[in-house]
Amino acid sequence: MNYDTDNIFAKILRGDIPAFKVYEDDYSLAFMDIMPQAEGHTLVIPKFEAETLLDIPAEHLIHTMTTVQKVISALKSTLGVEGVIMMQLNGQAAGQTVPHLHFHLIPTHLSQLQRHGAEQGDMAKIKALSEKIRAVL
Ligand code: 5GP
């Protein structure tokens with residue numbers, strides 16, 4: 001694997017560029033997607049430098065998935081939704097655009113999903129939502 005340390009999520013992890021963070025621990029970080037496919041679209045990433053699901057050791061994956069569980073729960077209680085989509089793309093051939101492993105958590109029904117990475121959301125709304133989600137995590 002040839003991990004690109006200049007990818008946008010590596011920069012967010014280093015603090016080189018800002019993000020609306022909702023949760024962080026030693027292994028993982030969760031933050032809002034700025035081109036949401038539904039209101040509340042959140043990303044969970046491992047701190048480990050992995051491009052796809054095939055590149056992460058089990059210990060890091062387990063901790064990252066525990067964060068995924070916490071965030072799904074927070075999205076359900078904050079947004080009052082019953083269902084949350086989890087999506088994860090491996091490789092450009094699958095449509096992955098940022099080469100750092102990430103789990104999309106999208107609180108909507110599959111039929112309501114907006115286009116992937118299509119347009120920037122309302123940043124004030126995303127920020128306000130991130131504060132609500134962070135408050136329960
Ligand atoms: P992928 O296509 O790799 O599965 O998903 C990448 C996701 O990252 C997309 O949903 C896109 O909206 C999101 N994204 C791209 N650039 C940025 C950014 O600078 N900040 C945040 N928070 N999300 C981003």
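Summary of computed values
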| item | result |
| --- | --- |
| Selection status of V98, within 13 Å of the chain's Cα centre (by Cα), part of a strand (DSSP E or B) and either at pLDDT below 95 or not basic (K, R) (or both) | no |
| Matching residues, region 56-97, being among the small types (G, A, S) and within 16 Å of the ligand (Cβ to nearest atom) | G91, A93, A94, G95 |
| Tabulated pairs, region 1-29, first under 27 Å from D122 (Cα atoms), second more than 11 Å from the ligand (Cβ to nearest atom) and part of a loop (DSSP other than H, G, I, E, B), C-beta under 6 angstrom, 6+ apart or interchain | V22/L137; Y23/L137 |
| Every residue from region 101-119 that is polar (S, T, N, Q) and either at pLDDT below 95 or surrounded by 15 or more Cβ atoms within 10 Å (Cβ to Cβ) (or both) | T108, Q114 |
| Test: residue in region 110-123 that is under 19 Å from F20 (Cα atoms) and in a helix (DSSP H, G or I) | yes |
| Any chance L53 is out of contact with any Gly (no Cβ under 6 Å at 6 or more places or on another chain), within 14 Å of the ligand (Cβ to nearest atom) and among the aliphatic types (A, V, I, L, M) | yes |
| Residue check, A19 away from the ligand (no atom under 16 Å from the Cβ) and either small (G, A, S) or at pLDDT below 95 (or both) | no |
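Matching residues to (1) in contact with a strand residue (DSSP E or B) (Cβ under 8 Å, 6 or more places away or on another chain); (2) surrounded by 13 or more Cβ atoms within 10 Å (Cβ to Cβ); (3) touching a residue at least 24 places away in the same chain (Cβ under 8 Å):
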position	(1), (2), (3)
L53	no, yes, yes
A58	no, no, no
V71	yes, yes, yes
T78	no, yes, yes
N90	no, yes, yes
A93	no, no, no
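The values are calculated or read from the model by the stated rules, or taken from the named source; none is laboratory data. Because the structure is a prediction, the values reported are computed rather than measured. Quick reminder, even Gly has a Cβ in these numbers, built from the backbone with ideal geometry, and neighbours come from all protein chains shown.
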